[in-house]
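The values are calculated or read from the model by the stated rules, or taken from the named source; none is laboratory data. Computed from a prediction, not measured in an experiment: that's the story for all the values here. Here the Cβ positions follow ideal geometry from the backbone for every residue, glycine too, while neighbour counts run over all protein chains shown. The protein model used for the area step is the full one, side chains on, heavy atoms only, and it has no ligands, DNA or RNA in it. Shrake-Rupley method; radii C 1.70, N 1.55, O 1.52, S 1.80 Å.
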Amino acid sequence: MTRPRRYALAIELTAFCNQKCGYCYNDWRAEPGEIGSLPREELLGLVDRALTEVDFDHLTLTGGEPFARPEVFEVLEVARRHGKRALIISNGGLVTEAHAERLAPLNPLFVQITLNGPTAELHEEHVGKGHFEPTLRGIRALKARGVTVAGSIVVTRKNARVVGEILTVFQSLGVRDVALSRYSPAGYASEQVAELLPSRSELLTALQQAEPFGAAGMSLQVTMPVPPCVIDTAEFPHIRFSSCPIGTEMQEFTLGPRGELRQCTLHATSIGDARSTSFADLVTSEPVSTYRDTTPEFCEPCPMKAQCIGGCGAAAVAVHGARGLDPIVA
């Protein structure tokens, strides 16, 4: 029997994180101490099963903070045995030279590290005190061992005006591939809408600052959906834009810290329990196949409806209580 092919599986290795980011999408952030992580043997067994039952292109290791869990290296080994590679999403603050040295031969696709301000003050307004310098040290340690580092900026109301300055910091660190992950109020982050959600003009300001960096050769991508009724992407030819991939060949499923499989990292609702149901059945289940059948009434006349489907559905559920328009549209 042919295995289903899917783009990626994000694995939330642990619910623990050393930072307290206001934009964090992890819905279980509201339950401190109650959500831990899968036991080592169960975690490694699930990863092995996932890669056996579904032909995923790659893994994404995330959390919480993935480097808070020693098994991050063992998960990379399991992926390698299956002929797969992984990327790691980290805040960089726990990365030591020893981590970087051990990581280098495992050849991850890259480690993506977020920087939300050109100064400690602004970055730490987003993530908590004392995290700016550890993040920079983590980037330098990985670069020194030849590990590919990608950057990320969560574009918010607070930092949209200085995106160019943040990109300059990434340039100085030798980071040439940066995700502009505009803030989306999904999960825990839904509590910070008034403080963090950028307006259309603020988002335009951020993109206008980023475009010259893309023109000069930096690889830039807006990884969160930006509906075309909000931004005319043709104005930014050197920035790549994404739309919601759920239900398409580019979908990245998420394995949560309790063994639940979800549509993506932003969605709180479980498709099913991967500990008791095959991954092949879960990724082909009805919630996945019918997801794109629902679009907001507002979107009906739009010729881009099928591609956009109203923006980020997870953010809409978190803010409005049901699938509807992405709050960035409203």
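Here are some notes:
- Whether segment 47-174 is rounded, prolate or oblate, judged on the alpha carbon gyration tensor where a/c under 1.5 counts as rounded: prolate
- Annotation: extensible slack from ALA234 through VAL193 equals 12.0 nm (criterion: 0.36 nm per residue apart, minus Cα-Cα distance).
- Cβ-based charge dipole, the chain, positive-most Cα from ALA68, CYS312, GLN251: ALA68
- When all protein chains stay in place and ligands, DNA and RNA are ignored, the 1.4 Å accessible-area order of CYS17, CYS229, largest first, is CYS229, CYS17.
- The value of relative contact order for the chain, using C-alpha pairs under 8 Å at least six residues apart, is 19 percent.
- Shape class for segment 169-239, computed from the alpha carbon gyration tensor (a ≥ b ≥ c): oblate, with a/c not under 1.5 and a/b at or below b/c.
- Normalised contact order of segment 104-202, rounded percent, pairs of Cα under 8 Å and 6 or more residues apart: 30
- Accessible area of the chain divided out per residue, in Å², using a probe of 1.4 angstrom: 42
- Part-to-part distance (alpha-carbon centres) for segment 147-184 and segment 233-284, which is given in Å: 23
- Neighbour cut-off at most 16 other Cβ (10 Å), DSSP loop, GluC sites (Glu not before Pro), segment 25-127: GLU34
- Sequence-distant contacts, meaning Cα pairs under 8 Å at least 6 residues apart, place the relative contact order of segment 1-132 at 28 percent.
- Label point of THR248 set 7 angstrom out along Cα-Cβ; within segment 303-317, amide nitrogens under 16 Å from it belong to 303-314.
- Order of exposure, largest accessible area first, which applies to PHE213, PHE110 with probe 1.4 Å: PHE110, PHE213
- Ellipticity estimate at 222 nm from DSSP helix runs (n ≥ 4, -39,500 (n - 2.57)) divided over the chain, nearest 500: -8500 deg cm²/dmol
- Beta bridges assigned by DSSP with both partners in the chain are antiparallel in approximately 15 percent of cases.
- Gain on full stretching of the segment that runs from ALA104 to LYS143 - 0.36 nm per residue minus C-alpha separation: 13.1 nm
- 11 Å beta-carbon shell around ILE231, net charge (K/R +1, D/E -1): 0
- Heavy atoms of ASP293 accessible to a 1.4 Å probe, total area in Å² rounded to 10: 120
- The chain, accessible surface, carbon-and-sulfur percent (1.4 angstrom probe): 51
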